[in-house]
């Protein structure tokens with residue numbers, strides 16, 4: 001598959017992706033071997049944890065079993081607000097209180113009011129609702145509406161995590177990795193990531209995979225890293241898809257499977273990952289099959305538009321026939337026009 005040049009340049013990591021954020025672009029290089037994931041000594045490359053909680057887990061998962069949640073799912077936010085208000089008043093229902101907090105926090109059916117959102121989340125938290133604890137912690141950490149209290153946020157995350165909320169465990173792990181809100185403790189971060197990863201959180205699975213790959217807070221293990229990448233990729237984590245595809249392509253920590261690697265790179269490319277688009281372009285552009293080569297050039301143009309340049313692929317595009325260039329450019333333009341609508 002491809003030439004030795006192709007194989008030699010196909011790196012073992014996605015490059016620019018890291019344990020806690022999406023893909024980040026670097027400058028164009030002739031052999032775009034990616035930078036290593038951040039080590040424990042560096043500031044965690046992550047924004048503040050998730051900005052708001054999703055109420056889906058704060059209510060029964062079957063919309064028919066709960067009128068409040070059902071109205072929310074249908075986008076009938078005013079109805080959800082009225083029903084939740086009644087239930088909160090009459091029954092002191094913590095899930096209804098959490099829903100009210102979500103509606104106020106996101107201006108759904110009511111005017112946005114972070115103070116009221118915090119009040120409802122607080123009331124639900126006091127009644128043991130783990131989703132309310134998580135939502136209030138996120139609100140405190142983001143400091144929206146001047147309701148920021150980071151010490152309290154940490155306690156809320158810890159309480160929510162103890163009650164089995166994987167999102168809380170993941171975000172608490174990020175705080176231990178970051179070393180600003182909490183003293184940096186990469187071992188504790190790894191422990192919390194394991195809790196969240198075991199509960200099926202794909203972001204935690206991807207982050208923990210990076211820990212295992214780099215030996216951060218855990219003993220280095222490529223095999224464990226690849227298993228976690230596989231799990232996260234099955235949950236549509238695009239960064240994990242890219243790195244697992246590269247592992248499959250190179251046979252690193254898993255049996256070599258180039259066909260599966262290409263399929264996964266295509267999937268990630270269609271999810272607008274410039275790194276996946278670049279790696280897929282490198283695989284396809286050197287093939288003898290015209291359709292594959294044109295697809296590779298198309299993805300190179302798309303990735304370059306997003307800032308993922310590649311001098312080798314620039315050379316291949318320059319060497320293409322005028323007809324091939326036109327077809328590749330038209331295909332890229334069509335793709336970009338579709339995704340930017």
Give just the number: which of (1) assigned to a helix (DSSP H, G or I); (2) surrounded by fewer than 22 Cβ atoms within 10 Å (Cβ to Cβ) does residue 296 not satisfy? (2)
Does region 269-286 include one or more residues that are touching a helix residue (DSSP H, G or I) at 6+ places or on another chain (Cβ under 6 Å), closer than 19 Å to residue 228 by Cα and touching a residue at least 24 places away in the same chain (Cβ under 8 Å)? yes
Would you mind finding the one in 235, 199, 231 that is surrounded by fewer than 18 Cβ atoms within 10 Å (Cβ to Cβ), out of contact with any strand residue (DSSP E or B) (no Cβ under 7 Å at 6 or more places or on another chain) and in the same structural domain as residue 264 (by TED's automatic domain parsing)? 235
Exclusive hit being closer than 30 Å to residue 218 by Cβ and within 23 Å of the chain's Cα centre (by Cα), set 336, 280, 229: 229
Within region 124-159, residues within 14 Å of residue 94 (Cα to Cα) and crowded, with 19+ Cβ neighbours inside 10 Å come out as 124, 125, 129, 130, 131, 132, 133, 134, 135, 136
Looking at residue 174, is it surrounded by 24 or more Cβ atoms within 10 Å (Cβ to Cβ), farther than 26 Å from residue 218 by Cα, assigned by TED's automatic domain parsing to the domain that holds residue 74 and at pLDDT 95 or above? no
Yes/no for residue 260 being crowded, with 24+ Cβ neighbours inside 10 Å and in a helix (DSSP H, G or I): no
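The values are calculated or read from the model by the stated rules, or taken from the named source; none is laboratory data. Only a predicted model underlies this, so the values are computations on that prediction, with no experimental measurement involved. FYI the Cβ positions are ideal-geometry reconstructions off the backbone, even for glycines, and counts take in every protein chain you see.
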